[in-house]
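One structure below.
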Amino acid sequence: MPVETLPSVVEKTQTLSTVIQSGPLTPNDPVSISAVTDTLPLTTYLWGLYGVITLAFLLRFTKNLYSFWQLIRTHLVVKKGEMNLVLIPQNNTPYSFGKYVFVNRWAFENDDIEAEILQHEQAHIRQHHTLDVLFIELVLAFCWWNPAVWLYRRAIRLNHEFLADDWVIKTHRNPPAYQYLLLHKICQHNGVTLASSFNYLITKKRFKMMNKFTSMKRAYLLQTTALCVFSGLVFIFSDISFAQNAPNVVPQSTTEADFTKEGVSQAMLDEYQQIIEKYLVKGEKNGKDWYRLDRVSEPDRARLEVIFRAMSEEQQLKQNWAMIPPLKPFPPTVLTEKEFDAYKNPKIYGVWIDDKKVPNSVLNKYTASDFSLALVSKLYKNAQATIGFKYKFQLNLMTTGYYEKYRAERLANKKYWLTNNMEKFRRDNQKK
């Protein structure tokens, strides 16, 4: 078999190229090769990959927004000051989005949510942290390839917590108790991407920040510097430095500290304890010790308040009995007709209207809009046994006029009152 020369092979190759460029091949074309394909450029594949990942981030962003809308639309919303509490069945630590705070319904109805937690979420709302989160999430969707964006996203979230923590401490003036509360809630992370959560990033950094003081001038300088650095590096690969000192935010409601640095003398501590002993009644029943605290006279109550508020933080945390600010009124309740009809069942609910026990049938004379407050508390087995297992929940309703009177009285009351020192209790239990 004769062997073709190199010029002959080159000639046939050139002929094949001419035929392919002239149009599609047919069975009658004198070509022995059936198909030829071109390889797409690498940049096309890279842009395709970028588009797919960016679309995935945008879909996740949209899904998270929709989940908030669903929760708000399908659950009871209660107005509380600047916050709108969305009562959900999930047993999560409260978290906020926009002007809404998502809390467990059972915990809210049983007054089992610490004031510091709601104060923390209120700080997120007042300082419009949701806008920052939405902005950085949109930037991340398009610049996910840039590690600087991920670092800055983390810095924004952490700085939000610094600001909210500072707000709470300036109001409650008890950093150790607040830190113990953070540790107690660490296991209840909600995992909601766009939300601001009470226990987000429980780290030593937050605890260290609570014990630092930064002047306003330095804080603004640090913020400005961080913003300039981010603006210059957002579109390049680089490490990023950001301020770890939160500005010294002072809420408008802040008053003077409830304790002094030095505290009170031992003589005043003894006087405080002697006054309490006058009203402390102790006894024993079935081999167990019991005690109660009788009503304190007004002169003694006023004296206890003066001494306690002059104590140092450490002295306050050593007291078994503490003077605490007056309780704020409960926020108004918006009842649905479905909930109101359920309350008419005497096997489930025992009903009080304006602090008076009434039969459930009395509710037929009212509508849901006639009431401004509804408080539901669960009766445990020992309490149910006392009433003969007639119902499982106690329902306290307040008509609009009665609620307004109750609210006005609560707001007018500025007197501290004596009760168990819950901060000491939390601290002691954290140590165990």
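Considering the conditions (1) at pLDDT 90 or above; (2) over 29 Å from the mean Cα position of the chain (by Cα), residue 396 is excluded by exactly one of them, (2). Beta carbons closer than 6 Å, at least 6 apart along the sequence or on distinct chains, pair a first residue in the stretch 269-282 that is over 12 Å from residue 303 (Cβ atoms) with a second that is at pLDDT below 90 and open to solvent by less than 40 Å² (accessible area, probe 1.4 Å) for 279/296.
Output the residues belonging to the stretch 375-400 that are among the small types (Gly, Ala, Ser) and surrounded by 11 or more Cβ atoms within 10 Å (Cβ to Cβ). The answer is 377, 383.
Taken over the stretch 123-152, the criterion of being polar (S, T, N, Q) and in contact with a Ser or Thr (Cβ under 8 Å, 6 or more places away or on another chain) is satisfied by 130 alone.
May I ask you to list the residues in the stretch 283-301 that are under 22 Å from residue 413 (Cβ atoms) and without any contact (Cβ under 8 Å) to a residue 24 or more places away in the chain?
Passing the criteria: 294, 295, 297, 298, 299.
Applying a threshold of 8 Å to beta carbon distances and a minimum spacing of six or more residues, or different chains, the list of pairs starting in the stretch 369-394 at a residue that is in a loop (DSSP other than H, G, I, E, B) and ending at one that is surrounded by 12 or more Cβ atoms within 10 Å (Cβ to Cβ) and among the basic types (Lys, Arg) reads 379/392; 392/378. Filtering the stretch 289-306 down to residues that are aliphatic (A, V, I, L, M) and in contact with a Leu (Cβ under 8 Å, 6 or more places away or on another chain), which residue is most open to solvent (accessible area, probe 1.4 Å)? Result: 293. The residues of the stretch 128-139 that are surrounded by fewer than 17 Cβ atoms within 10 Å (Cβ to Cβ) and touching a residue at least 40 places away in the same chain (Cβ under 8 Å), listed by number, are 134, 138, 139. Scanning the stretch 333-348 for residues that are surrounded by fewer than 18 Cβ atoms within 10 Å (Cβ to Cβ) and touching a residue at least 40 places away in the same chain (Cβ under 8 Å) gives 334, 336, 339, 346, 347, 348. Of everything listed in (1) assigned to a helix (DSSP H, G or I); (2) more than 16 Å from the chain's Cα centre (by Cα); (3) farther than 23 Å from residue 178 by Cβ, the single unmet condition for residue 144 is (1).
Put simply, of 84, 91 the only residue that is within 28 Å of residue 328 (Cα to Cα) and open to solvent by 70 Å² or more (accessible area, probe 1.4 Å) is 91. In this structure, is residue 142 among the aromatic types (Phe, Trp, Tyr), open to solvent by 10 Å² or more (accessible area, probe 1.4 Å) and touching a helix residue (DSSP H, G or I) at 6+ places or on another chain (Cβ under 7 Å)? Criteria met by residue 142. Going through (1) within 30 Å of residue 394 (Cβ to Cβ); (2) surrounded by fewer than 19 Cβ atoms within 10 Å (Cβ to Cβ) one by one, residue 151 falls short only on (1).
The values are calculated or read from the model by the stated rules, or taken from the named source; none is laboratory data. Keep in mind that what you see is a predicted model, and the values were worked out from it rather than measured. Cβ atoms come from the backbone with ideal geometry, glycine included; neighbour counts cover every protein chain shown. Side chains included, ligands, DNA and RNA excluded: accessible areas come from the protein's heavy atoms. Shrake-Rupley method; radii C 1.70, N 1.55, O 1.52, S 1.80 Å.
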